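I have placed the structure first, in the form of structure tokens, so that the comments after it can refer back to it.
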Amino acid sequence: MSAAENSEQHDIDVSLVKKDFPILSTQMNGKRLVYLDSAATSQKPVQVIDAISNYYRTFNANIHRGIYKISEQATEEYTKSKDKLAEFIGAKSYQEIVYVRNTTEAINLAALSWGEANVNKGDHILITQMEHHSNIVPWQMLAQRKGAVLDYVALNGDRSALDQESLEKQLEKNPKILAVTHASNVLGTINDVKAITRKAHDRGAVVLIDGAQSCPHMPVDVRDIGCDFFALSGHKMLGPTGIGALYGKRDLLAAMEPIFGGGDMIRSVGFQTHTWNDLPWKFEAGTSNIEGGIGLSAAIDYLNGIGMKNIRRHEVEVTRYAMEKLGGIRGLKMYGPDIDHMESRGGVISFSMEGAHPHDVAQIFDDRGIAIRAGHHCAMPLVEDVLGVGAVSRISFYIYNDKNDADAAVDAVGEVKRVFKLQ
Amino acid sequence: MYAEEIIAYYEHPENKYKMDDADDSYSDFNPVCGDKLTVYIKVKDDKIEKMSFEGDGCAISMASASMLTEVAEGKSVDEIEKMGPADVIKMIKVDPGPVRIKCATLSLRALQKAVFMYKHGKRD
């Protein structure tokens, strides 16, 4: 039985999971690859790789309107992937799922279509200090185009969570939209997006959740959250690159204009006019990323096979274990919620080491076959202005990581201390 | 990568100070990792009489900047302009790979821009 065939509550057998990921039996710099950079992109199980390969080998054809067997099959598989994703995040139907390239494009679509029509001069747009560039820049661009005001919810005193007072204060300005991350890619903080959405709705704001770091790692139910938009990337949840989605409530999407015109997004075209296709196709001009949809479909099957609650529990356990070990190391500072607040922390550990630059830290990890990330993690305002450092090192865990991988990271920190002669 | 010599230059850098009477200076940074430095030069008879630097960054960028201050001294501005990544690799005695080479050459790029401004009479 493969690791993905049991969705009952159970501990994840990581040794079985690892076998499903071909890359994890390869080497990096002559050492077993220890992959601790899943917040950047996840590795892919053989089930996803095979699904894509199988599509190209056995039923590659363009979707929609092909009156032959393999085109019908490709259309069916592609559409089925939307049904699966809709169910996976608790949307009502596939009509609320617009495929895009990634989370960034999903947020840009919301800003360009919904934002363009609904945000005017002097209006407020509200985001937070813990956003990724993908949830900052599209709103800066919209604010610049429209003469709108971009406001930020501040972080609390220990810079581990959003400051509730700041949130209330900013909402008093009646922003048109609140765009907030579900889980921070730097701090690991999981925001209570359900409560935030309720507060924002009370003020009449539309709410967009950046789910890039939550959707792969924990159960997500957009209807329970109550948000209007939810953005996600396939490549961070075991799927291929180039496929992501914007969930939108049906009435919102129905009222929005497409930003790209072309084939597939139309119902009919005359020499001067055209009419739009039904949801969600009106937002998807041109030939779709068919292999992406099929690969994402296989990824969702894999995640469902293990169970999102099990994945979340497993990551909390490995993250807590790593934090306990790292917490005892002198000169090492971790960011985000502390070990007593694991309920609001994802499997991301950003840290600094006194006397060693994050790039040197990552390099020494690399020499030992361990992949971590160092830099500003596409969150320059958070890292530089709020945390007050140029860069941090980041470890991030997923289903294929276990305590041995955490130990490897802890050992590598020891090596950093040895190389830089740190006490 | 982290030979004793690199660590020694990183921990005890040579010529790491702000040169108040510099003929020219140039500030540069590496947006990927946040390394930043300013290079100062004193030029006499078209030769680098003295080079110093200030900055924050990784061991590779700081050690190579420090080593460069010694290598550059006495070289003509033409010689400085002809230097490239291969010279930096020779200087630090390790090939840091395609990503880290940008850290290693940050100081050389800044030095070359300072020299360019000196030659063309442009100032910050």
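What are the residues in the stretch A:4-54 that are of a type in the set (Lys, Arg) and crowded, with 17+ Cβ neighbours inside 10 Å, if any?
A:18, A:44 - these are the residues of the stretch A:4-54 that are of a type in the set (Lys, Arg) and crowded, with 17+ Cβ neighbours inside 10 Å.
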Quick check: is even one residue across the stretch A:301-323 in contact with a Lys or Arg (Cβ under 9 Å, 6 or more places away or on another chain), farther than 25 Å from residue A:16 by Cβ and either assigned by TED's automatic domain parsing to the domain that holds residue A:129 or at pLDDT 95 or above (or both)?
-> yes
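Residue A:262 - would you say it is surrounded by fewer than 24 Cβ atoms within 10 Å (Cβ to Cβ) and either assigned by TED's automatic domain parsing to the domain that holds residue A:157 or not in a loop (DSSP other than H, G, I, E, B) (or both)?
yes
When you check residue A:343 against the structure, is it of a type in the set (Asp, Glu) and more than 22 Å from residue A:155 (Cα to Cα), yes or no?
No: the conditions fail for residue A:343.
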Could you identify the single residue in A:238, A:155, A:246, A:232 that is among the aliphatic types (A, V, I, L, M) and in contact with a Cys (Cβ under 9 Å, 6 or more places away or on another chain)?
-> A:232
Name every residue in the stretch A:366-404 that is under 19 Å from residue A:236 (Cβ atoms), more than 14 Å from chain B (Cβ to nearest Cβ) and either over 22 Å from the mean Cα position of the chain (by Cα) or of a type in the set (A, V, I, L, M) (or both), in order of residue number.
-> A:395, A:399
Filter pass, residue A:44 being under 18 Å from the mean Cα position of the chain (by Cα) and either at pLDDT below 95 or not hydroxyl-bearing (Ser, Thr, Tyr) (or both) | yes
Among the residues of the stretch B:93-116, count how many are away from chain A (no Cβ under 13 Å), outside any loop (DSSP other than H, G, I, E, B) and surrounded by 21 or more Cβ atoms within 10 Å (Cβ to Cβ).
-> 6
Specify the residue that is farthest from the other protein chains (Cβ to nearest Cβ); the eligible residues are those in the stretch B:57-74 that are surrounded by fewer than 18 Cβ atoms within 10 Å (Cβ to Cβ) and outside any helix (DSSP H, G or I).
-> B:74
Hey, can you tell me all the residues within the stretch B:23-39 that are assigned to a loop (DSSP other than H, G, I, E, B) and within 12 Å of chain A (Cβ to nearest Cβ)?
-> B:31, B:32, B:33, B:34
Look through the stretch A:1-41, keep the residues that are hydroxyl-bearing (Ser, Thr, Tyr) and in a loop (DSSP other than H, G, I, E, B), and return whichever of them is modelled with the lowest pLDDT.
-> A:2
Scanning the stretch B:1-22 for residues that are away from chain A (no Cβ under 14 Å) and of a type in the set (D, E, K, R), the one farthest from residue A:381 (Cα to Cα) turns out to be B:21
Taking the stretch A:344-358 and keeping residues without any contact (Cβ under 8 Å) to a residue 40 or more places away in the chain and either more than 12 Å from chain B (Cβ to nearest Cβ) or under 20 Å from residue A:407 (Cα atoms) (or both) leaves A:358
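The values are calculated or read from the model by the stated rules, or taken from the named source; none is laboratory data. What you see is a predicted model; the values in this text were computed from it and never measured. Cβ sites come from the backbone with ideal geometry, for glycine too, and all protein chains shown count toward neighbours.
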